[in-house]
Amino acid sequence: MTKKLVRINNWFADKANTIVKLRWFIIVGLIILNVVAIMGIKRIQIDVSNESWFLADDPLVIAREEFEDIFGNNDYAAVLVEADDVFSPEILKMMRELGQELKSKVPYADKLTSITDMDFTHGTEEGLIVGNIVPDEIPTDPVKIAEIKKQMFAKQSLVNKLFSDDAKQAWILLRLSRYLNETDNTSMEEYPQLVVGRIVTEIVNQEKYQDFNLKATGMPVLNFEKRSYYSEEAKRVFGMSLLITVIALIILTRSFAGVVVPLITAITSMLCVFGAMGWLGIKVDNTVMIMPVLLVLAVSIGYSIHIVIFFKRKFLTTGQRKESIIYAVEHTGWPIFFTAATTIAALFSFLFVSIKTVRWMGLSAGVCVIAAYIIVMLFTPAILSFGKNRKPHPEYAAKGGGWVEHLFVKFSGWVFKHPIKIVTVFTIIVVVLIFGITKLEVDMSMKKMGLKVPFRAKLWHINNTKVGAMWSYDVTLKFQETGKAKNPAVLKNLDLLAAEISKFPAVKRASSLVDIVKDLNQVMHSDSAEYYTIPDNKELVSQLLLLYEMSGGTEAENWVDYDYTILRISADVDDFEAKEFEKQWTYLERRTKELFPDAKYGVVGTAVQFSTMAVYITKGQIRSLLIALIVITILMTIVFASMKTGLIGMIPNIAPAIFASGLMGYLGTPLDMMTMIIGPMILGLAVDDTIHFINHCKLEFFRRGNYKEAIDETFRTVGKALTMTSLIIVLGFVAYLTSLDKFYFNLGIYTIVAILAALLTDFLVTPVLILWTKPFGEEKS
């Protein structure tokens, strides 16, 4: 196997010689490639649809489409109004004006509900009247205002739903009609939901409303504000990361090639991949685009730095440029190829996660690594070949390296003096951290995401008011018998189920057709509170609903279908807690079978969407990590022709995931869309250092026949390169610690922990394991 490794190195040396000869063709070719890629990037389509998270055949997507076929769009836009008294003439005038403006200017606006615009039901001697209780001309007479307020508070279904019981908060709700051709729209300026969010935000933020402290919300507003925030935050953080990386490259490499080559290869790789997506019409999700961008920057730096450092060391020793280039590619070509292959394998494990966006991240990042590898191996030797030969550096050549190389040899000696202590401490830390992993939970609670982010702070405030809510879910009950929804027994059980849902943790209230029926019954009995009940007679229920419809009432359409076979309960939620909602779904499935044995149960909504995503994240994290580990172990075993070597190599690769995940468990950091990608991503990065270390150690053992000498030489030759690449990547991720958003902050801090853990494990544990297990055979004289 070792002779085969020598032949492989010779093959890479031969290719390096060819690259030097064709350097101008390569450079011109890359320039043309960049031009074509830039043209492709101009054609990129941004996927801003919420539905892009799930696969087309996902049960959640199918259930949502069925729900919308019956009840229409589940999205809404809303505005929270806060004042000393929301029934004051000034506030009522503002709400009327704002409501009319929302209804007339917001696309897909369907039905507006507020204190000044609503289906208010009251009885007269002649029958039933459904219409606004607040007249077209807002009264200023305190007596008239007091009467309106009194009648409003008499409606139990409105208190702490449309306005608070202290009259300090009110809710303006704009229901939306179903979006048209949403899948054909590809930008924030075109996608219906984001257009709605943008226009609602613009209306509310007008100068004439500034004194009223209005707060817009709803999924369209949330997604517009979220994507606007991440678009700017990603630019800021990545720009800072790039600046820190450039400074780190300048300080650590102290060479033109060491700075320019990694940056050009990273930029070219990104341009090629995203340019190809533009030409092929593959949509890009800009909220997670940062992941492949970060990764390609990291691997481009890692791969090119190895070549540059080997070139620089040989060039200082010999002064011969071409010979140094061939030497660098000869000794780094195979390990870089193998590290690229294992990194790609780890990233492609994302394809086994049932979330469309995660699959896109894994696939695009893997393709980026392929592009980075090809460009690094072609461009780096070509650029390094420019320049003249020099005289060998006398001190460097005489000592066999600089002070840094000799420092690593001393460090190697220290490791050999304390092997038992190192392994013992490492084992204890791993055991403690594995216990921390058991504390990990999937959670997308707004509190855990960071309330210092402006749009999230606003939403948290709204959710903590008596009327406001952000998330929701809908329970649907489908009966076979037409008109079954008018059955008093069914409605009473529906009322019971809604009451039970209202008592769930995190649920603020539950609404259904029952609220309308009970209100109608009360109205028809002189507004007596004792009649706020469901009539026992089915005919009476039918008459009440018919009278309501004939009087112009339309609210019932939101809670029951035309044939009265499908009922809906809507639950408003003030925060998302994955574990709690899983309990609720389980309870509801059992409870609906008890109360409605002949009905088909379903549940949809934003809370369901996030709950399902939490399940997919948990399963996907475990599945992708296991697949990546198995594939990388098999690859390492095949390449090193030794199961023992493959298993040794996996220890420093598993360690980073254990360190990051265990620390997350102890610190209470939840698994979410960002933190779940850390494991496979770090596995792909950590394996690079391990492969370089083991590969060079095996080659040096073949030359020397002694494990200690081989490890000493490995520290001397690759120690500096491994340390530099890890430090540069770590410093780049430091920029993410400046973000107020926990998604970015957690990605930064745990990636740093994982990379440092990988480096230390490779330097401390891997040498000891090699020395103890002797995976390359017995020592020779």
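The values are calculated or read from the model by the stated rules, or taken from the named source; none is laboratory data. These numbers come from a predicted model, not from an experiment. Virtual Cβ from ideal backbone geometry, glycine too; neighbours counted across all protein chains shown. In case anyone asks, the SASA skips ligands and DNA or RNA and just uses the protein heavy atoms, side chains included. Shrake-Rupley method; radii C 1.70, N 1.55, O 1.52, S 1.80 Å.
Select from the stretch 203-227 the residues that are outside any helix (DSSP H, G or I) and of a type in the set (A, V, I, L, M) and write down the one among them that is least open to solvent (accessible area, probe 1.4 Å).
Ranking the candidates gives A216 first.
Give the residues of the stretch 126-145 that are exposed (fewer than 12 other Cβ atoms within 10 Å of the Cβ) and assigned to a helix (DSSP H, G or I), sorted by residue number.
Those that are exposed (fewer than 12 other Cβ atoms within 10 Å of the Cβ) and assigned to a helix (DSSP H, G or I): P142, V143.
Considering each residue of the stretch 632-670, count those that are surrounded by fewer than 18 Cβ atoms within 10 Å (Cβ to Cβ) and under 27 Å from the mean Cα position of the chain (by Cα), and give that number.
Residues flagged as surrounded by fewer than 18 Cβ atoms within 10 Å (Cβ to Cβ) and under 27 Å from the mean Cα position of the chain (by Cα) within the stretch 632-670 amount to 3.
Give the residues of the stretch 163-202 that are modelled with pLDDT of 90 or more, open to solvent by less than 10 Å² (accessible area, probe 1.4 Å) and of a type in the set (A, V, I, L, M), sorted by residue number.
Passing the criteria: A167, A170, I172, L174, L176, V196, V200.
Look at the stretch 60-107 and say how many of its residues are over 20 Å from T465 (Cβ atoms), in contact with a strand residue (DSSP E or B) (Cβ under 7 Å, 6 or more places away or on another chain) and of a type in the set (D, E).
Going through the stretch 60-107 one residue at a time, the tally reaches 1.
If I filter the stretch 501-524 down to residues being out of contact with any Lys or Arg (no Cβ under 7 Å at 6 or more places or on another chain) and surrounded by fewer than 18 Cβ atoms within 10 Å (Cβ to Cβ), which single residue comes out as modelled with the lowest pLDDT?
P505
Here's a check for you: in the stretch 269-321, which residue that is of a type in the set (V, I, T) and outside any helix (DSSP H, G or I) is most open to solvent (accessible area, probe 1.4 Å)?
The extreme case among them is I282.
Exactly one of these conditions fails for K215: (1) under 17 Å from L173 (Cα atoms); (2) modelled with pLDDT under 90; (3) not hydrophobic (A, V, I, L, M, F, W, C). Give me its number.
(2)
Can you tell me which residues in the stretch 354-382 are of a type in the set (V, I, T) and buried (at least 23 other Cβ atoms within 10 Å of the Cβ)?
Hits for the stretch 354-382 are V358, V369, I375, V376, T380.
Exactly one condition in (1) farther than 23 Å from W585 by Cβ; (2) at pLDDT 90 or above; (3) not in a helix (DSSP H, G or I) is false for K492; which is it?
Every listed condition holds for K492 apart from (3).
Those residues that are touching a Ser or Thr at 6+ places or on another chain (Cβ under 8 Å) and part of a helix (DSSP H, G or I), I need them from the stretch 347-359; list them, please.
As a first pass, look at the stretch 347-359 and keep what is touching a Ser or Thr at 6+ places or on another chain (Cβ under 8 Å): 349-350, 352-353, 356-357.
If the condition is that a residue be touching a Ser or Thr at 6+ places or on another chain (Cβ under 8 Å) and part of a helix (DSSP H, G or I), then S349, F350, F352, K356, T357 are the ones that fit.
Of the conditions (1) of a type outside the set (S, T, N, Q); (2) part of a helix (DSSP H, G or I); (3) in contact with a helix residue (DSSP H, G or I) (Cβ under 7 Å, 6 or more places away or on another chain), Y230 satisfies every one except a single condition; which number is it?
(3)
Kindly provide the set of residues from the stretch 318-358 that are more than 30 Å from T18 (Cβ to Cβ) and touching a residue at least 60 places away in the same chain (Cβ under 8 Å), ordered by number.
A346, S349, F350, F352, V353, S354, I355, K356, T357, V358
Against the definition (among the polar types (S, T, N, Q), in contact (Cβ under 8 Å) with a residue 60 or more places away in the chain, open to solvent by less than 10 Å² (accessible area, probe 1.4 Å) and more than 23 Å from A641 (Cα to Cα)), how does T751 come out, yes or no? If you could, list the steps in order and put the result at the bottom.
Numbers: among the polar types (S, T, N, Q): yes; in contact (Cβ under 8 Å) with a residue 60 or more places away in the chain: yes; open to solvent by less than 10 Å² (accessible area, probe 1.4 Å): yes; more than 23 Å from A641 (Cα to Cα): yes.
For T751, the condition - among the polar types (S, T, N, Q), in contact (Cβ under 8 Å) with a residue 60 or more places away in the chain, open to solvent by less than 10 Å² (accessible area, probe 1.4 Å) and more than 23 Å from A641 (Cα to Cα) - is met.
Being assigned to a loop (DSSP other than H, G, I, E, B) and under 22 Å from T465 (Cβ atoms) is the filter here; which residues of the stretch 553-588 pass it? Outline the logic, then answer.
First, the residues of the stretch 553-588 that are assigned to a loop (DSSP other than H, G, I, E, B): 553-554, 559, 561-565, 574-577.
Answer for the stretch 553-588, where residues must be assigned to a loop (DSSP other than H, G, I, E, B) and under 22 Å from T465 (Cβ atoms): D574, D575, F576, E577.
Restricting the search to the stretch 733-743, which residues are buried (at least 21 other Cβ atoms within 10 Å of the Cβ), farther than 15 Å from K448 by Cα and not hydroxyl-bearing (S, T, Y)?
Of everything in the stretch 733-743, just one residue is buried (at least 21 other Cβ atoms within 10 Å of the Cβ), farther than 15 Å from K448 by Cα and not hydroxyl-bearing (S, T, Y), namely F733.
Could you tell me whether N746 is at pLDDT 85 or above, among the polar types (S, T, N, Q) and crowded, with 22+ Cβ neighbours inside 10 Å?
Details: at pLDDT 85 or above: yes; among the polar types (S, T, N, Q): yes; crowded, with 22+ Cβ neighbours inside 10 Å: yes.
It is true that N746 is at pLDDT 85 or above, among the polar types (S, T, N, Q) and crowded, with 22+ Cβ neighbours inside 10 Å.
Looking at (1) in a helix (DSSP H, G or I); (2) open to solvent by 30 Å² or more (accessible area, probe 1.4 Å); (3) among the aliphatic types (A, V, I, L, M), which is the only condition I770 fails?
(2)
Scan the stretch 259-281 for residues that are out of contact with any Phe, Trp or Tyr (no Cβ under 8 Å at 6 or more places or on another chain) and among the polar types (S, T, N, Q) and report the count.
1
Evaluate the following for E97: is it open to solvent by 20 Å² or more (accessible area, probe 1.4 Å), under 23 Å from T201 (Cβ atoms) and without any contact (Cβ under 8 Å) to a residue 12 or more places away in the chain?
Answer is yes for this residue.
If D536 passes every condition in (1) over 21 Å from A607 (Cα atoms); (2) at pLDDT below 90; (3) not hydrophobic (A, V, I, L, M, F, W, C) but one, which one does it miss?
(2)
With L764, L722 as the choices, which residue is over 19 Å from V369 (Cα atoms) and either open to solvent by 40 Å² or more (accessible area, probe 1.4 Å) or in contact (Cβ under 8 Å) with a residue 24 or more places away in the chain (or both)? Outline the logic, then answer.
Numbers: L722 fails: over 19 Å from V369 (Cα atoms).
The match here is L764.
Only residues that are closer than 29 Å to H306 by Cα and of a type in the set (S, T, N, Q): list them for the stretch 225-259, please.
Result: S241, T245, T253, S255.
Given the criterion on the phi > 0 side of the Ramachandran plot and out of contact with any Gly (no Cβ under 7 Å at 6 or more places or on another chain), identify the matching residue among G468, G483.
Matching residue, one of G468, G483: G483.
From A266, A328, A234, grab the single residue that is farther than 22 Å from P381 by Cβ and buried (at least 18 other Cβ atoms within 10 Å of the Cβ).
Just one listed residue meets the conditions, A234.
Mind listing whichever residues of the stretch 106-151 are under 27 Å from Y532 (Cα atoms), more than 46 Å from the chain's Cα centre (by Cα) and among the polar types (S, T, N, Q)?
Hits for the stretch 106-151 are T124, Q151.
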